[in-house]
Amino acid sequence: MKKSRAVVSLIVFVLILGLLGYTAVFGVGSDRSGSASSIKLGLDLAGGVSITYQVVGDEEPSAEDMSDTIYKLQQRVDAYSTEAQVYQEGSDRINIEIPGVSDANVILEELGKPGSLYFISETDSEGNLNYDLSYQADDDGMISAAYELTKTLEELQEDGSIVLSGTEVESAQAKTQQDSMGNLEYVVSLSFNEEGTEAFAEATTKAYANGETIAIYYDDEFVSVPNVQAAITDGNAVITGQSSAAEAEQLASTIRIGGLKLELEELRSNVVGAQLGSAAIESSLIAAAVGFALVAVFMIGVYYICGLAASLALVLYMELMIILLYAFEATLTLPGIAGIILGVGMAVDANVIIFARIREELATGKTVQSAVKIGFSKALSAILDGNITTFIAAVVLYFMGSGTIKGFSITLMLGIVLSMFTALVVTRFLIRIFYGLGIQGEKAYGVGKERKTIPFLSKRYVFFGLSAAVILAGFVVMGINQSQMGMPLNYSLDFVGGTSTTMTLNEDMSLEEIDAQIVPYVEEITGDGNVQTTKVAGSNQVIIKTRTLNVEEREEFAELMVSQFGVDESSITAETISATISSEMQADAVKAIIVAAVLMLLYIWFRFKDIRFGASSVIALLHDVFVVLAFYAVARVSVGSTFIACMLTIVGYSINATIVIFDRIRENLRGMKKKEDLQEMVNASISQTLSRSIFTSLTTFFMVAALEVFGVSSIREFALPLMVGIICGTYSSICLTGALWFVFRTKFVKKKK
């Protein structure tokens, strides 16, 4: 690149960086679209809408029906935000908390009345119409058609005209298919349970014979009145006639929420403040700035011009991440921040892999231009394999997970794509610019030094024994915790539920003031630091969630608030609440992680042509998870919604580090002579990638450590185990994965064909 062209290119890049930076910070337009302030934040960071539903009817609902209803509602409200929470309050109430929303009425209108959907035949057994078509004119004289019931729902129920209810619908999905003319049309696909299949078969047989319709009636409105074109006996139906994908999805969503086992009615709705308070956002921003500055200083100090290029590329990475989070309408919470941190770590990792390769080529006497070209080429396979493996896991987590797992996977997928783009395209472009500006000396790029091979494998059984001892100790501590405290880990309200106490304070206190003045008294009563506080917007009402309180503790809590803070006792109410992470959501998470691990194993097997690479990777992942689990047990760190995100971050981070070492083993294996020692080759491969393993860990550690130092207590509870996971992931990659592969390679030799 000529100097004049390099100057112009640098100016253009700086202008683009400035423009994107302005958009990321200040946004565009009056609504500040695209800026950091316009990104949707979760309940923990920004608050949202809280709605409480009451089960309709005099009989107390069963635990099974409540659980099923909560799970289906969770799937419904995920459309508003992946961070929405649904949990049980008392015996017959369900709470829904949706972040990033400030109008409860809009949500209530869109949700309607859950559990009140019916399929109604056009005529009764005597041939009388159950609904008829009428036409109405609006104020502008526009005529519209609408159906109206000719009977009450009670009458329709009595004469058998309600052929089945929404509870007999197993699934409702918006899909596309080709019509008879070969054109694409939007439809809703339905499937029924055994009872529904039988009832629908009978109803459609009658309707088809008489040329009638079957109406779908929900929340006092007709949502669809499709013609019956055949007798449907297999329990699967398709509703045609939707004009768009959005209309099909809306109908499918309506049928799903109308298919709840329980009918619900609104009890109350509020707009609630952030659970972590404004201090959490401020401290997170400070931590991000400090962490990023440390990473930039480290990269420049170690890799010189290449480090400067990488730092500028990382600035672009962060700007694009902010803009894309807004564009994809992602909801950012602590787990989402975890995904971003992992993305930054992977972006740095890709650069470090490249720079290490460039230095190796310079050490062989190649020119800077040649070394840069070869360095990027040789680093490509490790970068692609590491990122694709993690991306596979992120995709699985998105489609199979729910709640916070989806939020984590979205930021992780965005981070992976951006990290590859900035490392492989932007960093390379900037290095070319700096070279074109005249910075062409080898010293400016760093020349690799020949490193002595460290005999890691000679200590492999020591490493195996140490890891086994730590994991075993963790299980022992969990057993002790189970016997002494009834739980192996310090599960938070997210996993085990607790007591929600609502009260009205005499004065308007900020969340920070509540945490400082009231929460310590609450912790003294409960003997537990796991306390969540929320404020109802526009009022002095406060909601404090704790572990489950017995009658004496509830009375002591109420007396404390009356005597110490002058709260009117009549304003204090306490209800038992269920876990916000239901057993179904936990099961979804476990299934997603298992499927992700299997697919990662298969991908590594496919890429490395050796199942022993994949097996070693998975064992190392399990090792990291169990070690961090042991830390949670020993340190009694609260296990909440961030626990899953923490574990997923560690898995993603660990697999990426492992791939780099395996890539070098694969490369050295190809060039290894028959007389060379396999153990020596593995030791050399680990030693050659050692600086990359350590430097990447340090840069990621800087980001997380900044959260630990500057974050509020809940953020620190998330950062601390993540720091342990980074250290553990580095250890397992360096000390275990190569050793495991070597053991498998020597013990399980491939049979010659």
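The values are calculated or read from the model by the stated rules, or taken from the named source; none is laboratory data. Treat the numbers as computed from the prediction; the structure is a model and nothing was measured. Quick reminder, even Gly has a Cβ in these numbers, built from the backbone with ideal geometry, and neighbours come from all protein chains shown. What goes into the accessible areas is simple: the full protein's heavy atoms, side chains included, and nothing from ligands, DNA or RNA. Shrake-Rupley method; radii C 1.70, N 1.55, O 1.52, S 1.80 Å.
Descriptive notes on the structure:
- Of Lys3/Lys373; Lys72/Lys151; Lys366/Lys449; Lys373/Lys609; Lys406/Lys535, those spanning more than 21 Å from alpha-carbon to alpha-carbon: Lys72/Lys151; Lys373/Lys609; Lys406/Lys535
- Ordering Glu555, Glu194 by accessible surface, largest first, gives Glu194, Glu555; the 1.4 Å probe counts only protein heavy atoms, with every chain in place.
- Largest to smallest accessible area among Thr390, Thr573 [probe 1.4 Å]: Thr573, Thr390
- Pairs of alpha carbons in the range 475-552 separated by more than 15 Å make up 61% of all such pairs.
- Structural descriptor for the range 327-485: relative contact order 33 percent, calculated from alpha carbon pairs under 8 angstrom and at least 6 residues apart.
- D_trans [Stokes-Einstein, Kirkwood Rh over alpha-carbon pairs] for the range 337-448, 10 °C, 1.306 mPa s, µm² s⁻¹: 106
- Heavy-atom surface analysis with a 1.4 Å probe gives the range 56-177 a carbon and sulfur content of 42 percent of its accessible area.
- Straight-distance crosslink candidates among aspartates and glutamates, where the alpha carbon sits under 13 Å from Lys452 and sequence neighbours closer than 8 are dropped: Glu680
- Intensity falloff of the range 558-638 expressed as log10 I(q)/I(0), Debye formula with alpha-carbon point scatterers, at q = 0.11, 0.18, 0.25 Å⁻¹: -0.58, -0.93, -1.12
- Those aspartates and glutamates that a straight Cα-Cα span of less than 15 Å connects to Lys443, excepting residues fewer than 8 apart in one chain: Glu360, Glu361
- Relative contact order for the range 344-423, counting Cα pairs under 8 Å that sit 6 or more residues apart, in percent: 40
- Within the accessible area of the range 366-525 (1.4 Å probe), percent carbon and sulfur: 62
- The chain: relative contact order in percent, alpha carbon pairs under 8 Å with at least 6 residues between: 16
- Reachable aspartates and glutamates from Lys206, criterion Cα separation under 12 angstrom, eight or more residues apart if same chain: Glu122, Asp124
- Accessible surface of the range 589-717 [probe 1.4 Å, protein heavy atoms]: carbon and sulfur percent: 69
- In the chain, the ratio of gyration radius to Kirkwood radius, Rg to Rh, stands at 1.03 when only Cα atoms are counted.
- Helical mean residue ellipticity (222 nm; -39500 (n - 2.57) per DSSP H run of 4+; nearest 500) of the chain: -19500 deg cm²/dmol
- Charge dipole of the chain (Cα centre as origin; +1 on each Lys and Arg Cβ, -1 on each Asp and Glu Cβ, all else neutral): 8900 debye, rounded to the nearest 20.
- Annotation note: GluC sites (Glu not before Pro) in the range 627-705 located in DSSP loop regions with a Cβ neighbour count of at most 15 within 10 Å are Glu676.
- With protein chains left intact and a 1.4 Å probe, residues in the chain average 45 Å² of accessible area per residue.
- Dipole of the range 504-581, positive end: most advanced residue of Val551, Thr534, Val562 [Cβ charges, Cα centre]: Thr534
- Think of the chain as having a plus end and a minus end, set by charges on the Cβ of Lys, Arg, Asp and Glu; of Val7, Tyr53, Asn227, Val7 sits farthest toward the positive end of this dipole.
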